[in-house]
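Okay, so here's the structure we're looking at.
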Amino acid sequence: MISRHRLARLILLVMVAIGVSPGTWWRSPYGAERIDDRPILTVDPLPFPRGRLGEVEIGGAWQLSSPNWHFSGYSALLAMDDGTLLAVTDWGRMLTFQAPDGGRRAAPRFGYFATLEEGDKHFRDIEAITRDPATGRIWGAYENSNLIERYDARLRRAGRVAPAAMQGWPTNTGPESLVRLRDGRFVVLSEGSPRWFAADLPALVFDGDPVDGAKARGFRYRPPESFRPVDAALLPDGRVLILLRRLILDFPPRFESKLVVADPAEIRPGALWRGREIAHLAEPVPTDNYEGVAVAGRENGALVLWLISDDNKATFQRTLLLKLLWRPNEKARRGEPRAFVIRWPEALRRLRRPSSARA
């Protein structure tokens, strides 16, 4: 008897086969449409539910669209120092734009990422980017080729490495999350596992810059059941915010997302790393294939989180931008009870004192 998981996979394969039929689900492939370089970005606000979703609340939701031939397929997101957002596609394109609720309206900028042009998708499939705010350097992770590249502040390629520890990762579900920690280490999470239906996913922590040959130490990441990591960002306190996604097999397919916070101080070579869920994004929240997450300062005491979706150039998907507000310390401020902690050395010292001294 076929298992539920295997049946779900077979259904998905059938849907993908249908999807690649011309004119059924997918729009024109890149390069097939007329070249349009106009810097036009339409931002349409969307309705969203008020109130809290776990520990976050929605600050805004928008649908993005553009006739520009570089637009579509965003798989990674960065918040830049000037207040703009940098979105990168899994076809080696990029979009720099002003946040929709920002005070000024700077013109969007479209183009190739890191001077990449048409070529083998294995060397354009960027799924994650991270940045060093001190130098402006950016690193990108390539899924199909399992590469990590480094770029200077002007987005010129400055090095490439194919870590040996990543070469056994699946070609289409490889390094989907890449984050540079405050101490200069790098964490990389794979979206998939070489073992079918594995609950634990391969992960690496590099002692320094992977491009400079830093040593990689393997561990395992355990996401919530049926979810997979698709991007990550560094939080101001040094923890890692992980964006997770799952596909709901329906007609058409739909997606749900979760946000998890994990502490890199808890990473141990060969051990299991988990996180704490802070939000579950499902209908009626505007949902789609969210693949990029960025952390962008504070607003009225709340940390601003941005999410962008990858529409895969599919007719049934959209490019959505979601703004979330998170107050990490709100529970403590509300005075919720803290865990009871016994400080054993002090407790033992008190027990050893004479009764007269304790009186």
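Worth pointing out:
Okay, residues lined up against (1) over 30 Å from Ile242 (Cα atoms); (2) part of a helix (DSSP H, G or I); (3) at pLDDT 95 or above:
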position: Ile308; (1), (2), (3): no, no, yes
position: Phe316; (1), (2), (3): no, no, no
position: Leu321; (1), (2), (3): no, no, yes
position: Leu325; (1), (2), (3): no, no, yes
position: Ala332; (1), (2), (3): no, yes, no
position: Pro337; (1), (2), (3): no, no, no
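- Qualifying residues in segment 99-128 (those that are farther than 20 Å from Gly60 by Cα and in a loop (DSSP other than H, G, I, E, B)) - the one modelled with the lowest pLDDT: Glu118
- Selection from segment 145-184 of residues that are in a strand (DSSP E or B) and either in contact (Cβ under 8 Å) with a residue 60 or more places away in the chain or not hydrophobic (A, V, I, L, M, F, W, C) (or both): Ile148, Glu149, Arg150, Tyr151, Arg157, Gly159, Arg160, Pro175, Glu176, Ser177, Val179, Arg180
- Segment 248-268, subset modelled with pLDDT under 90 and among the aliphatic types (A, V, I, L, M), residue farthest from Tyr290 (Cα to Cα): Leu249
- Selection count, segment 220-234, where residues are in contact with a Lys or Arg (Cβ under 7 Å, 6 or more places away or on another chain) and surrounded by 24 or more Cβ atoms within 10 Å (Cβ to Cβ): 1
- Residue among Ser72, Ser66 that is crowded, with 22+ Cβ neighbours inside 10 Å, closer than 15 Å to Leu321 by Cβ and touching an Asp or Glu at 6+ places or on another chain (Cβ under 9 Å): Ser72
- Enumeration of residues in segment 250-280 that are assigned to a helix (DSSP H, G or I) and buried (at least 17 other Cβ atoms within 10 Å of the Cβ): Pro264
- Just one residue in the set Leu41, Leu95 is over 18 Å from the mean Cα position of the chain (by Cα), modelled with pLDDT of 90 or more and hydrophobic (A, V, I, L, M, F, W, C); that residue is Leu41.
The values are calculated or read from the model by the stated rules, or taken from the named source; none is laboratory data. All figures in this text were calculated on a predicted structure; none of them were measured in a lab. Because the Cβ atoms are built from the backbone with ideal geometry, glycine has one as well, and the counts that use them run over all protein chains shown.
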